[in-house]
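Data block below; observations after.
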Amino acid sequence: MNKLYLAILLASAVAAPNMALALDKPSGPVVLTVSGALDHPNDGKDAKFDLPMLEALASRSATMSTPWTEGKTTFSGPLMSAVLDAVGAHGKTFKVVALNQYSAEIPAEDVTTIKTILATRMNGKPMSVRDKGPLFLIYPFDINPELYNEKYFSRSVWQIKAIEVAE
């Protein structure tokens, strides 16, 4: 290899993490639509995700007790921050909307400083609508017991269909 080729290869590798990549269009059923202040939509002004797209993002798995499940339950899925980074969200609040139109306002701090999970799986299995799916916003009660209170319970939306990003 010549030195110029090596220099170009090295420069592109260093620059790659900072480059904005296009968000692919979903190939399967859409389970999440993100709208509002986004830099990387994939469908008009919105960003739509199917389950494999979400599960390809940086994720977390956690086993914990919750007010909505019996005993210890394992939740896994992308970090909420990874989802919002993928769409280039720039907002101060995020309105998380459920299939039944229940919604909760999530402050940006909950996404940037707390390892919230947009759970796609419960005990290793995709969640059906009957079992609080397809998506469930889970706070890390396992690593921060101080979050186990009504304030965060009310933000833990299940049957999520959309996130609206507000500046």
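What to note about this one:
- When peptides 94-104, 117-127, 75-85 are sorted by average Cβ neighbour count within 10 Å, with the highest value leading, the order is 75-85, 117-127, 94-104.
- The loop-placed chymotrypsin sites (Phe, Trp or Tyr not before Pro) in the range 118-148, going by DSSP, that have at most 16 neighbouring Cβ atoms within 10 Å of their Cβ come out as Y148.
- Using the Cβ-Cβ distance between N149 and K45 with R0 set to 45 Å, the FRET efficiency works out to roughly 0.80.
- The helix-based estimate of mean residue ellipticity at 222 nm for the chain, built from -39,500 (n - 2.57) per DSSP H run of four or more residues and divided by its residue count, is -5000 deg cm²/dmol to the nearest 500.
- Cα gyration tensor shape of the range 63-107, rounded if a/c is under 1.5, else prolate or oblate by comparing a/b with b/c: oblate
- Here's the picture: charge each Lys and Arg Cβ at +1 and each Asp and Glu Cβ at -1 in the chain, and of T69, P126, T113 the one pushed furthest to the positive end of that dipole is P126.
- Entries of K45/K151; K25/K92; K25/K132 with Cα pairs more than 29 Å apart: K45/K151
- Partner aspartates and glutamates whose Cα lies under 14 Å from the Cα of K72, excluding those fewer than 8 positions away in the same chain, are identified as D142.
Throughout, read-outs are computed from the coordinates displayed, never taken from laboratory work. Owing to the predicted nature of the structure, the values given are computational and were not obtained by experimental measurement. Here Cβ is always computed from backbone atoms with ideal geometry, including for glycine, and neighbour counts include all displayed protein chains.
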